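Presented below is the structure to which this report refers.
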Amino acid sequence: MQVYLFMLGWVILFGILSQVTAKRVCVGQNLDGDMYESRANLFMALVTFAVIIFFAGARSNVADTSAYIKMFKDYPLFQNAHNIIFDSSAREPGFRLFSILIKTFISDNYTVWLSIIAVISGICVMIPLYKYSCNFGVSAFLFMASCQFTWMFNGMRQFLVAAIIFSCTGLILKNKPLLYILIVCVLATIHKSAFILIPMYFIAQGEPWNKRTLLFIGCIVLAMLFTSKFTSLLTDVVEQTDYAGSVNEFKDADDGTNPIRILVESIPVILAFIYRDKIKDKLTPIIKLSINMSLIASGLYIISKVASSGILLGRLPIYFSMYNLILLPWLLKNIFEKREKDLVYYIMIICYLIFFYYQLNVVAGKASYISEILKIKY
């Protein structure tokens, strides 16, 4: 726990400094004229995320890391890997190829391999926050305090895909579906769940609360009404996916996503809906997209709870919930007046710190950190 507290303190400190050194830039126009927001300095953004990347890359036996390390050690070198790379019965050949290339041409040390993945994941999360967040410091704090950072320590393969596609946000804003879909198809060779991003690309387009998003809400309601049939469908599907082993092992104990997690991840879209009339003239393209993505994330979380499928569906919202890191700071900035804004910020910080403690000490059972290279075991 000490390592995670150190990481949180680092992110808070340098997140504040990144906001102090931020520049104001024009992000669009409304009826009142030009709209300005703060954008962080790139160097400060990198420093803020450096601590997460460092400890993610240096870990040894944290959560599912030991299984990944064993897998990496068992991989042959590239010249002997033809059968493994092109094994039609094995899943996600892209990740195998990526790992074997690192082992062959860079290093066979698993720490180097984990560090490369941590750098890619961390930078790909940082870039959209640096480019689009009106308060990078708050966004970085939310990434830590909401415990989304733990994906870099547990479930790194899916998060690698989620982070890369998050960094491709500009393709959605510029309406380049073909390139976006091509990237998704490539990433699906790393984790097949990435295919969900293709239909969601079209749902997330356009104004918040449009017909497509309302149709998605309707699908959520139907899934809740026909839970048993929906769960049976999931059971049939999951047997053909990469989650099969995990689901079969833990299905008796799986009661879906934690309701507290659902509430925390749904707060931004709830605020956006309640204050939709107040913010409608201030919306920028990235905020419109973030509202729709947040709605998708909340919907998937709700369905995962209703279907008691935290292992399967409960992992899918990470592709969309990272947009909350952009959305929530913007909502706090644009909804509340100065006096109440300060109070809301204090309440937010306290609540997220409580959630941080709850996730790592209660849900995760006193999360530990182990690093052989750093000789750390907490």
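Derivation of every value follows stated rules applied to the coordinates shown; laboratory data play no part. None of the values given here were measured: they were computed from a predicted structure. Every residue, glycine as well, gets a Cβ built from its backbone with ideal geometry; the counts of neighbours run over all protein chains shown.
Quick notes on this structure:
- Rg/Rh for the chain, where both radii come from Cα atoms and Rh is the Kirkwood radius: 0.96
- Approximating the spin labels as points 7 Å out from Cα along Cα→Cβ, the residue 282-to-residue 86 distance works out to 5.8 nm.
- Counting neighbouring Cβ atoms within 10 Å and putting the fewest first, the residues 212, 339, 157 line up as 339, 212, 157.
- Acute angle (nearest 10 degrees) that the helix 65-74 long axis makes with the longest principal axis of the chain, alpha-carbon atoms: 40
- Per the Debye formula on identical point scatterers at the alpha carbon atoms of the stretch 270-357, with no solvent, log10 I(q)/I(0) at q = 0.11, 0.20, 0.22 Å⁻¹ is -0.37, -1.03, -1.13.
- Reciprocal of mean inverse Cα separation for the stretch 1-143 (Kirkwood radius, Å): 17.5
- Residue 79-residue 215 pseudo-label distance in nm [points 7 Å out on the Cα-to-Cβ vector]: 5.4
- Inter-probe distance in nm under a simple model that places probes 7 Å from Cα toward Cβ, at residue 376 and residue 207: 4.9
- Packing, as the average of other Cβ atoms within 10 Å across residues, places the peptides 130-139, 54-63 in the order 130-139, 54-63, highest first.
- Applying 1/(1 + (r/R0)^6) with r as the Cβ-Cβ distance of residue 27 and residue 263 and R0 = 22 angstrom yields a FRET efficiency of 0.15.
- A simple packing score, the average count of other Cβ atoms within 10 Å per residue, orders the peptides 8-16, 80-88 as 8-16, 80-88, with the highest score first.
- Note on residue 47 and residue 274: the extension gain reaches 78.1 nm, defined as 0.36 nm multiplied by sequence separation minus the Cα-Cα distance.
- Residue order, fewest to most surrounding Cβ atoms within 10 angstrom, among 141, 355, 159: 355, 141, 159
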